[in-house]
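The structure appears right after this line, and notes come after that.
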Amino acid sequence: VLPPHRYRGLTLVLTFLFYASFHLSRKPISIVKSELHTNCSSLEKSPPNGTNSTTWCDWAPFDQANYKELFGALDNAFLVAYAIGMFISGIFGERLPLRYYLSGGMVLSGMFTSLFGLAYFWEIHVLWYYIVIQICNGLVQTTGWPSVVTCVGNWFGKGKRGLIMGIWNSHTSVGNILGSLIAGVWVSSAWGLSFIVPGIIIAVMGIVCFLFLVEYPEDVDCNPPLHHTESEESEEKDPEVTLPTDDGICIRENTIDSSECAREPAEQPEAISFLGALRIPGVVEFSLCLLFAKLVSYTFLYWLPLYIVNVAHFGAKEAGDLSTLFDVGGILGGILAGLISDYTGGRATTCCVMLIVAAPMLFLYNHVGQNGIASSVSMLIICGALVNGPYALITTAVSADLGTHECLKGNAKALSTVTAIIDGTGSIGAALGPLLAGLISPTGWNNVFYMLITADILACLFLSRVVYKEIKGWCGCYTRKRGFKEF
């Protein structure tokens, strides 16, 4: 039996690898798009006799003039299924063993990802095959996020949660980077392998999950963490001290025995209902904010390589490699957002500030980001940090905070449901973003970026009430603190 800190470290590493493999298997479609429909006339090879000189090397059915709309429909099939399935997945995640649930989803995801790639070797050219595979893959991938966040939440308390989860959440960007690099190896030679290899990887990780994941500290005779900060623990000892809560309002806590907040091994509290989770303060606001934040992030995820090919005129592999810099920025942004929000105690304010700064940066990237390799690299990293920072913070630390909110009175069974609601709402935006990009991009890439900037602004507006409460809480607590000293 390992000591508790070893189990916590093992849980972090395993869940990091598990969710990185989910994103690793999602990324190849964005790399392969430019190969499914390319500029055939620029190739050195001559077209076969009797074929169109501009589309002979394309992969049907994506050899049509409306190929961008077809790609948008392909992305949308996955993301709509993911968004719908996510709301259901959280309910199942609270009621089924997470180890079985997560490992089963990973193996099935590996199968569907590989089936997409096998279409290359089986020479399948019907659109419905790709659509059905994307829908099935979107549904089974919903097992991932609620499960890994719940496992981490079960093992870690609230102290420094933003920083820990900010570092841990880099699995999203690491998975995107690895997925881009792996897909890029075969994109120009045998693009089917760009899907099959990631499919095998996530299936293998599913087997590892089944063998080694520990869901609860109680399963290995470890004490569960208390979902309180150190300041909240001191608050329990001195109920007269007024401190800000997660939503920024100063309240006075009643003295509570900390043992009441721990999850007793013998007790199995009932899972919270969907409506009950919605009533937790902040869930609706952060869910709607994530809808627009994820719209921006996933538009970059699915369309950035094609944008670089069309605007900067790089090859498919070079564009895929360059697009990884956006995810490198995402890693830095997630860590920075977690660190700042831990220090200030303002999750919503941190998100709002980063989103506000992101809007002009997106405008600049579209207009000057392709003027040279140096400007492209720097702008991609900056935009990745500002776009993915709020997204990472909301889906990790904020979800865990709300899933263990004090109003739940120690019932941690809400964590998976709250996580699924927030990420499910965000996934609606993730589905809309690539779809809108596919519809708008034929009118010009400038219009796509105007759409992304508008989404950033809307994300800020939905957080404005929570930001106001946080600022009011800071001011009120500071005033009371000075009043006590002066008295």
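The values are calculated or read from the model by the stated rules, or taken from the named source; none is laboratory data. Predicted model only: the values in this text are computed from it and were never measured. In this analysis, Cβ positions are derived from the backbone assuming ideal geometry, glycine residues included, and neighbour counts consider all displayed protein chains. To get the accessible areas, we keep the full protein, side chains included, count just its heavy atoms, and leave off ligands, DNA and RNA. Shrake-Rupley method; radii C 1.70, N 1.55, O 1.52, S 1.80 Å.
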If a residue has to be of a type in the set (Gly, Ala, Ser) and at pLDDT 85 or above to count, how many in the stretch 151-183 make the cut?
5
List the residue pairs whose Cβ atoms are under 6 Å apart, where the first residue sits in the stretch 69-94 and is more than 13 Å from LEU127 (Cα to Cα), the second is of a type in the set (Asp, Glu) and open to solvent by less than 10 Å² (accessible area, probe 1.4 Å), and the two are 6 or more positions apart or on different chains.
MET86/ASP423
Checking the structure you have, find out if any residue of the stretch 220-235 is at pLDDT 75 or above, in a loop (DSSP other than H, G, I, E, B) and hydrophobic (A, V, I, L, M, F, W, C).
yes
Matching residues in the stretch 365-374 - criterion: being assigned to a helix (DSSP H, G or I) and either open to solvent by 40 Å² or more (accessible area, probe 1.4 Å) or among the hydrophobic types (A, V, I, L, M, F, W, C) (or both):
HIS367, VAL368, ILE373, ALA374
Residue count, the stretch 1-18 (criterion: within 21 Å of the chain's Cα centre (by Cα) and open to solvent by 10 Å² or more (accessible area, probe 1.4 Å))
5
Candidates SER441, SER464, filtered to the one that is farther than 19 Å from PHE300 by Cβ, small (Gly, Ala, Ser) and either at pLDDT 85 or above or open to solvent by 60 Å² or more (accessible area, probe 1.4 Å) (or both)
SER464
Among the residues of the stretch 159-206, the number that are open to solvent by 20 Å² or more (accessible area, probe 1.4 Å) and aromatic (Phe, Trp, Tyr) is 1
Within the bounds of the stretch 85-107, is there any residue that is within 26 Å of TRP303 (Cα to Cα), open to solvent by 30 Å² or more (accessible area, probe 1.4 Å) and at pLDDT below 90?
yes
When the stretch 336-364 is examined, which residues are found to be hydroxyl-bearing (Ser, Thr, Tyr), modelled with pLDDT under 90 and open to solvent by less than 20 Å² (accessible area, probe 1.4 Å)?
SER341
For the stretch 30-49, does any single residue satisfy the condition of being hydroxyl-bearing (Ser, Thr, Tyr), open to solvent by 10 Å² or more (accessible area, probe 1.4 Å) and either touching a strand residue (DSSP E or B) at 6+ places or on another chain (Cβ under 9 Å) or modelled with pLDDT of 85 or more (or both)?
no
Within the stretch 102-133, can you find the residues that are at positive phi and in a helix (DSSP H, G or I)?
none
Among the listed residues ALA319, ALA262, identify the single one that is closer than 26 Å to HIS171 by Cβ and either modelled with pLDDT of 70 or more or open to solvent by 10 Å² or more (accessible area, probe 1.4 Å) (or both).
ALA319
